[in-house]
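Below is one structure, written out as C-alpha cells, with a few remarks after it.
Values quoted throughout were computed directly from the atomic coordinates according to the rules given, and no laboratory measurement underlies them. Fair warning: this is a prediction, and the values are worked out from it, not measured in the lab. Glycine gets a Cβ as well: all are built from the backbone with ideal geometry, and neighbour counts include every protein chain shown.
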C-alpha cells in the first residue's frame, strides 16, 4: 500500500525529492504537528511544520530520492538523516521546508504483520506551502482505513487505487 500511495503522490506532485522513512511500530496522529518537547516534558505542536522528532532508534530505514531531469527518473542518493540524536528542544526549529522546497516526505509504521494497526504520515512541500496528512489503518478482514487527518477518505482511497 505504501508503494501505491507513494507512486500516486509522486505522479500528482512531481517533487524534486522524495523521503521515505520506516518507523518501528505504530504511531498516532499526534505526530502530525508534533515538534518536540521543551523544559524536558512539555510537548510543543507548531503550525509551521518541523521534522517530526522520532527517536533515531525507531527509524528502521530512511531513503532519499532525487529527480534527475535528464532522465526524468528518481535515483536514490545519500543524504544526512532527517532523524538525529539530539535534545528534543533542538528540533523546535528544524522546519521541514528548510530541508526541501519540493518534496514528498512519507513515514510509515513497521511490524504491521504482527499487530492489528498501521500508520502513515505524509508531508507534501511545494511552492504553495506544506501540506501534512495522517492515516491509520486497522486489520479487519484486510486493512481498512481508520483515522484520517488532513486528507479526506475519498482522496486517500483514490490514491490507493
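Oblate is the label for segment 43-116, because the ratio a/c of its alpha-carbon gyration tensor axes (a ≥ b ≥ c) is 1.5 or higher and a/b is not greater than b/c.
For residue 22 and residue 70, the difference between the fully extended length at 0.36 nm per residue and the C-alpha to C-alpha distance is 14.4 nm.
In the chain, helical runs assigned H by DSSP with n ≥ 4 each contribute -39500 (n - 2.57); averaged across all residues and rounded to the nearest 500, the mean residue ellipticity at 222 nm is -4000 deg cm²/dmol.
With contacts taken as Cα pairs under 8 Å at a separation of at least 6 residues, the chain carries a relative contact order of 26 percent. Panel note: the C-alpha atoms of the chain, placed on their principal axes, show extents of 45, 44, 28 Å (largest first).
Label-to-label distance for residue 38 and residue 141 is 4.9 nm, based on points extended 7 Å past Cα in the beta-carbon direction. Summarising the label geometry, the points placed 7 Å from Cα in the beta-carbon direction at residue 117 and residue 95 lie 3.3 nm from one another. Over all distinct Cα-Cα pairs of segment 1-40, the Kirkwood formula returns a hydrodynamic radius of 12.9 Å.
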